[in-house]
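Right, one structure below, let's go through it.
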Amino acid sequence: MRIWFQLLSSEQKMSTFINTVQQLVNRAVEPSTKIEVHGTPHGVLGDQYRLFFQYDQKEVIDNGMMVRKEGGYDAFAIANSLDPALVDLRELLDIPVLSFMETNSFTACTMGERFGVITPNRKMVPRYREIILGYGLRERLAAIEPILFDDVRAQEDAFTDAEVAASVEKQMIAAVRRLAEQGAEVVFAAGPPSALMAQRGIFEVDGVPLLDSYTVLAKAAEMRVRLHQLSGVCVSRHCLYQSPSSDLIRKVAAAYDIDALRDG
């Protein structure tokens, strides 16, 4: 089993974080499963802003289309909390496509009645709320709490600087407690802070589970591949994830010069 695991972090400037995620998922999956954690050439600079996010999202789509053309993978896991290009890739890929926010939100619902989410900064709070409400989980979401990372790339320092790591851990524990006060029974966080807490073995605060978010996604992808192998079905083609016809794909490929789609 081979799974493409797509972060949006810069492969050059956030390599320590990417390597940490690789270590976390490696320890969790079966020996026969190979998970390949990828960043992107540019990496996010401020994906809390919608316009910048569109450019980030394109890199995910390009990688998804490469996987579609070349094959060799059994699942595509979008390991970014904004769930970029989720619907887009489910329309075009005939392997399971999973995403961070969707998978962790529904996993949290199996562990408690209401859940909370920790976001890197305040600007992301409305976007996270929008995504979760879009999944129909209004009554299950207790609250969303930010920590202090307006510059998302600065989160790399948590893996190289002991003082930054200690500060992130302190902020995370405080955020879990604030969420618990608002009714959250389970909490998960996005991005490097989640990986840092898992790396440090912190999976609970005052009885409130703190999900190991990247491991949750990796194990969910592994399960979905097995189900696909057993049933031959990985996604509904009725309505939302209906695929375009091969003829339309070829026309779009010609019109927009998309090499990965030329064969329909």
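The values are calculated or read from the model by the stated rules, or taken from the named source; none is laboratory data. Computed from a predicted structure; not experimentally measured. Using ideal geometry, Cβ is built from the backbone for each residue, glycine included, and neighbour counts are taken over all protein chains shown. Side chains are part of the model used for accessible areas, which takes the heavy atoms of the whole protein and leaves out ligands, DNA and RNA. Shrake-Rupley method; radii C 1.70, N 1.55, O 1.52, S 1.80 Å.
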Checklist outcome for this item: Stretched fully, the stretch from Asp247 through Tyr135 gains (0.36 nm per residue minus C-alpha distance, one decimal, in nm) 37.2 nm
Item to check | Cross-link pairs beyond the 29 Å C-alpha cut-off, checked among Lys58/Lys170; Lys13/Lys219; Lys58/Lys251; Lys34/Lys123; Lys13/Lys123 | outcome: Lys58/Lys170; Lys34/Lys123
Checklist entry - Assuming a viscosity of 1.567 mPa s and a temperature of 4 °C, what translational diffusion coefficient in µm² per second does Stokes-Einstein assign to segment 85-126, Rh being the Kirkwood radius over Cα pairs? => result 104
Checklist entry - Roughly how many percent of the accessible protein surface of the chain is carbon and sulfur, given a 1.4 Å probe and a whole-percent answer? => result 52
Checklist entry - Which value results for Rg/Rh of segment 209-264 when Rg is the Cα radius of gyration and Rh the Kirkwood radius based on the inverse mean 1/r? => result 1.18
Item to check | Quarter of Cα convex hull surface for segment 1-146, i.e. mean projection, nm² | outcome: 9.1
Item to check | Relative contact order of the chain, defined on C-alpha pairs under 8 angstrom at six or more residues apart (%) | outcome: 22
Next on the checklist: How far apart, in nanometres, would the label points at Arg262 and Lys69 be if each is projected 7 angstrom from Cα along the Cα-to-Cβ direction?
Outcome noted: 0.8
Item to check | MRE, 222 nm, helices only [DSSP H, n ≥ 4, -39500 (n - 2.57), over the chain, to nearest 500] | outcome: -14500 deg cm²/dmol
Item to check | Probe 1.4 Å, accessible area per residue of segment 61-164, Å² | outcome: 41
Checklist outcome for this item: Taking the convex hull of the alpha-carbon atoms of the chain and averaging its shadow over every direction gives an area in square nanometres of 14.0
Checklist outcome for this item: Reduced to Cα centres, the span from segment 1-21 to segment 155-206 in Å works out to 19
Next on the checklist: At a threshold of 8 angstrom on Cα-Cα distance, excluding pairs fewer than six apart, so keeping six or more, what relative contact order does segment 36-120 reach in percent?
Outcome noted: 20
Item to check | Positive dipole terminus of segment 182-257, leading residue within Val216, Leu230, Ser245 (C-beta point charges) | outcome: Ser245
Checklist outcome for this item: When the charge dipole of segment 1-97 is computed with +1 on Lys and Arg Cβ and -1 on Asp and Glu Cβ about the Cα centre, the Cα farthest towards its positive end, among Val29, Asn63, Asn19, belongs to Asn19
Item to check | Contact order normalised by residue count of segment 139-224, Cα under 8 Å, 6+ apart, percent | outcome: 27
Checklist entry - Considering only DSSP states other than H, G, I, E and B, which trypsin sites (Lys or Arg not before Pro) in segment 143-229 qualify as loop sites with at most 13 other Cβ atoms within 10 Å? => result Arg200
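Give me the mean projected area, in nm² to one decimal, of the convex hull enclosing the Cα positions of segment 150-253.
Working: hull surface 44.9 nm².
Answer in nm², one decimal: 11.2.
Filter the GluC sites (Glu not before Pro) in segment 181-264 down to the DSSP loop ones having no more than 11 other Cβ atoms within 10 Å, then list what survives. Intermediate values should be presented prior to the final figure.
Values: sites: Glu181, Glu185, Glu204, Glu222; in loops: Glu185.
Those that pass, being in a loop and sparsely packed, number zero.
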